[in-house]
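Remarks on the structure that follows.
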Amino acid sequence: MQTDRGLVRDHNEDYVIRHEPSSPEEEEAYGWLFIVADGVGGADAGEVASEYACQQTVAQYMAANGNLNPGQRLVDSMQAANTNLRQLVAERNQNKRMATTMVATAIGDQVAYIANVGDSRGYHLRDGSLRQVTKDQSLVAKLVEEGAITEAEAASHPHRNVILYSIGSEKTPKIDLFEVPLDPGDIIFMCSDGLTRHLSDAEISEIIREEPLETAASSLIQLANQRGGQDNISAVIIAYGEPSETTPVQLKGPRVAMPIFGGNAKTAAQNRKFLLPYTIFLSIIEAILIIMVWLMFRF
């Protein structure tokens, strides 16, 4: 996961977050959760909105009944975050607009549940082919859908940044939900519109396919900045399951770096159980060797 303020904005109103299961039981009940949010409001309002909405969505998702369908749980959590953000704005009583776009992915049972509000996007990459899963909830996307303008005209339209729905600005925002069955080696990619205003889908696909995943998110953001960096930029790359021979892999990364999904919490727990006795065994062998060397030099 990586986010950057770009070259024009003086602060970053994007926010990215993930929740990893801490046990096999938690993985089975809740899976993995990844979110990208693009705040709206100016000053500190957008920055607060995106972070607060992300944290509230994670908290609500983890507090929900684990028996619920992950997709419905995700939508309910985003709606709850919307209510809480609206309450926060009311308590501040500053008459500021404070809202955020959001795209979130919950992964469990070999399915990616992708929910979105606004124009942050979710993609699915399989066998080298990238397709946009989410639909932009923006004015220009609606105009293109209705045939009023072309895709080319939408790219330079003066109102291309106008979104139709957001978390925090509507009583009940329109949240789209998509279910994507996953195969080992599949990749889910999420980003804010600060990336897609500078890079085409073909360029995004090429970089993800050809670069190691540990550097792909940085390369995408770097290229967007080279082309102007007119907005905050966020990118999340999630690799599912065991990769194919052509899919590079990264094993771990910090919060603002790109994460890999595909670990298995049950396997990880088994590895930790094995690690302790193995470490003790090595310590004993090391102690014996030290004593033997000491005795050889002493006598």
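Observations, loosely collected:
- According to the Kirkwood relation over distinct C-alpha pairs, the hydrodynamic radius of the stretch 168-210 is 13.4 Å.
- Long-range HN-HN contacts of SER138 with modeled amide H, under 5 Å: LEU164
- Placing unit charges on the Cβ atoms only, positive for Lys and Arg and negative for Asp and Glu, gives the stretch 8-60 a dipole magnitude near 140 debye about its Cα centre.
- Taken over the stretch 1-144, the alpha-carbon convex hull comes to 142 cubic angstrom per residue.
- Along the stretch 190-195 the Karplus relation, 6.51 cos²θ - 1.76 cosθ + 1.60 evaluated at θ = phi - 60°, assigns HN-Hα couplings of 10, 7, 8, 6, x, 8 Hz to successive residues, with x for each Gly and Pro.
- Spatial separation of Cα centroids for the stretch 1-80 and the stretch 200-227, in angstrom: 23
- Surface composition of the stretch 7-52: carbon plus sulfur atoms contribute 48% of the solvent-accessible area (1.4 Å probe, protein chains only, all chains present).
- Charges were assigned to the Cβ only: +1 to each Lys and Arg, -1 to each Asp and Glu. The resulting dipole of the stretch 60-156 about its Cα centre is roughly 380 debye.
- Kirkwood-based shape ratio for the stretch 69-161, expressed as Rg/Rh from alpha carbons: 1.06
- Where only alpha carbons of the stretch 111-246 are counted, the Rg and the Dmax (Å): 15.4, 47
- Charged side chains reduced to their Cβ positions (Lys and Arg at +1, Asp and Glu at -1) give the stretch 1-124 a dipole of some 480 debye around its Cα centre.
The values are calculated or read from the model by the stated rules, or taken from the named source; none is laboratory data. Since we're looking at a predicted model, the values are computed, not measured. Because the Cβ atoms are built from the backbone with ideal geometry, glycine has one as well, and the counts that use them run over all protein chains shown. Note: areas computed on protein heavy atoms with side chains; ligands, DNA, RNA excluded. Shrake-Rupley method; radii C 1.70, N 1.55, O 1.52, S 1.80 Å.
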